[in-house]
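The values are calculated or read from the model by the stated rules, or taken from the named source; none is laboratory data. Predicted model only: the values in this text are computed from it and were never measured. Cβ placement follows ideal geometry from the backbone for every residue including glycine, while neighbour counts extend to all protein chains displayed.
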Amino acid sequence: MKIKVIIVDQDANYTSHMLQVFQTRYADKVEMRVFSDVNSFYANIREAYADLVLYSSNLQLDTAELPESVVIGCLCEQSGIEEIGGVSAICKYQKVDILYKLMLGLFAEKASDMKLKTSGNLVHVTLFTSVQGGCGTSAAAAAYALRMAKEGKKIFYLNLQKFGSSNLYFTGEGTMSFSDVIYALKSRKSNLLIKIESTLKTDPSGVDFFSDCRNAFDMIELKDDEIVSLIQAIGQVGEYEEIVVDLSGDLTERQLKLMQDYADSVIYICDGTMTGIRKFEKFCETIRVIEERKEVQIMNKIQLLYNRYSSKNSMQMEKLPVSLLGSIHRFENVSGRPLINQIAKMDILRQVR
């Protein structure tokens, strides 16, 4: 979808630069017109249809002259200002990529008529999960996303852990967070597709992700049906080849639904300790019962990956109910991005199907 944007600012150098950059970098996403004279803007606004009008805070713009369908924003010269006179504000002096996403964020608030396609997955979904705490599920998931991105795949890393942190592994520019997407899901007033595009960040490796929620409670309020809508929407926002979902903990209805209906591949993480192996066995027993009662297939999607494997405390199961990917040894005194950089080098991750 291409949005039509009008910028009204007396700084001709600024508007000329903006027009040139957007025509070069976002020609397929934004159709932009600029005005340095307010009277000229008024004379053309009816014919020059716009989705979004951004005007300089130095101007006195009569917003009553604008069509009701137009979203209005104010361009200010200082950062950290959210509103001016009841109108949402954007700092004009920042990177174009961020400006573009802020524009989308404003537009999304009123563009709530775009519907999701719900006929099956539009992108491959790989779920990293475990019922064993402390075995490094998130690190393995993030490392896999990093490895696939470095191999040229278009990847989205979606951390659904209640207290998980995408920021621990990935960095990107932008001011919005997962909280903004959750609000859009719950309010149903914003265009979810545009809100996601305006919120996602891109790591230098190429992995797209959401920055951590401003408040962890937002993740707790996220409902199962909202997660389904979220995954469907992410698949439609970008030309992603794969969504890597990170969700572990007690075996919940949410995990079961993702494994049953949305995951194309399930990577179970175990550290190979007696406790970890016993929990994995119980996990498999539960899945078999669910398969029999609901007449579904889940076990054939699962691959076992040993992580934080130690020659002292870990062992491999003799009879496996699922296929084995292999094992990742324990990395001592390293965490966060340095850790997943190390794991991502391992060819074992290329065997994920």
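Of everything in the range 129-175 that's modelled with pLDDT of 95 or more and among the aromatic types (Phe, Trp, Tyr), which residue is farthest from residue 330 (Cα to Cα)?
So the residue we want is 156.
Please find, among 55, 49, the residue that is assigned to a strand (DSSP E or B), within 26 Å of residue 29 (Cβ to Cβ), more than 27 Å from the chain's Cα centre (by Cα) and among the aromatic types (Phe, Trp, Tyr).
Step by step, each of 55, 49 is checked, and only 55 is assigned to a strand (DSSP E or B), within 26 Å of residue 29 (Cβ to Cβ), more than 27 Å from the chain's Cα centre (by Cα) and among the aromatic types (Phe, Trp, Tyr).
Residue-wise test of (1) under 20 Å from residue 224 (Cα atoms); (2) in contact (Cβ under 8 Å) with a residue 60 or more places away in the chain; (3) in the same structural domain as residue 258 (by TED's automatic domain parsing).
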| site | (1), (2), (3) |
| --- | --- |
| 137 | no, yes, yes |
| 143 | no, yes, yes |
| 160 | yes, yes, yes |
| 167 | no, no, yes |
| 184 | yes, yes, yes |
| 193 | yes, yes, yes |
| 196 | yes, no, yes |
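What pairs come out if I take residues in the range 316-333 that are within 16 Å of residue 134 (Cβ to Cβ) and pair them with residues that are of a type in the set (S, T, N, Q) and surrounded by 12 or more Cβ atoms within 10 Å (Cβ to Cβ) whose C-beta lies under 7 Å away, six or more apart or interchain?
Correct list of pairs: 328/307; 330/310; 331/342.
Search the range 270-294 for residues that are touching a residue at least 24 places away in the same chain (Cβ under 8 Å) and pair each with any residue that is of a type in the set (Lys, Arg) and part of a helix (DSSP H, G or I) when their beta-carbon atoms are under 9 Å apart and the residues are at least 6 apart or on different chains.
270/279
Listed here are the residues, each with its yes/no results for (1) over 20 Å from residue 136 (Cβ atoms); (2) touching a Leu at 6+ places or on another chain (Cβ under 8 Å); (3) hydroxyl-bearing (Ser, Thr, Tyr); (4) at pLDDT below 95.
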position	(1), (2), (3), (4)
261	yes, no, no, yes
267	no, yes, no, no
270	no, yes, no, no
293	yes, no, no, yes
296	yes, no, no, yes
303	no, yes, no, no
311	no, no, yes, yes
320	no, yes, no, yes
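Quickly run through the range 240-269 and pick out the residues that are among the hydrophobic types (A, V, I, L, M, F, W, C) and free of Cβ contacts under 8 Å to residues at least 60 places away in the same chain.
256 - this is the single residue of the range 240-269 that is among the hydrophobic types (A, V, I, L, M, F, W, C) and free of Cβ contacts under 8 Å to residues at least 60 places away in the same chain.
Name the residues in the range 1-40 that are within 16 Å of residue 53 (Cβ to Cβ) and surrounded by fewer than 11 Cβ atoms within 10 Å (Cβ to Cβ), would you?
Passing the criteria: only 39.
Exactly one condition in (1) in a helix (DSSP H, G or I); (2) surrounded by fewer than 16 Cβ atoms within 10 Å (Cβ to Cβ); (3) at pLDDT below 95 is not met by residue 315; state its number.
(1)
Could you tell me which residue of the range 1-27 is farthest from the chain's Cα centre (by Cα), considering only residues that are over 27 Å from residue 191 (Cα atoms) and of a type in the set (Gly, Ala, Ser)?
Among those that are over 27 Å from residue 191 (Cα atoms) and of a type in the set (Gly, Ala, Ser), it is 12.
Only one residue in 77, 65 is free of Cβ contacts under 8 Å to residues at least 40 places away in the same chain and within 17 Å of residue 6 (Cβ to Cβ). Which one?
Testing whether each residue is free of Cβ contacts under 8 Å to residues at least 40 places away in the same chain and within 17 Å of residue 6 (Cβ to Cβ) leaves just 65.
I want to confirm something. Restricting to the range 318-353 and keeping residues that are among the basic types (Lys, Arg) and within 16 Å of residue 144 (Cβ to Cβ), which single residue is surrounded by the most Cβ atoms within 10 Å (Cβ to Cβ)?
Restricting attention to the range 318-353, the residues satisfying the condition of being among the basic types (Lys, Arg) are 319, 330, 337, 345, 350, 353.
Retained after the next criterion (residues that are within 16 Å of residue 144 (Cβ to Cβ)): 337, 345, 350, 353.
Details: 337: 16, 345: 13, 350: 11, 353: 10.
Looking at the filtered set, the residue picked out is 337.
Please list, ordered by first then second residue, the pairs with beta carbon atoms under 8 Å, 6 or more apart or interchain, first in the range 107-132 and assigned by TED's automatic domain parsing to the domain that holds residue 233 and under 19 Å from residue 156 (Cα atoms), second loosely packed, with under 15 Cβ neighbours inside 10 Å and modelled with pLDDT under 65.
Qualifying pairs under 8 Å: none.
Looking only at residues that are of a type in the set (S, T, N, Q) and in a loop (DSSP other than H, G, I, E, B) in the range 58-104, which one is modelled with the lowest pLDDT?
The selected residue is 69.
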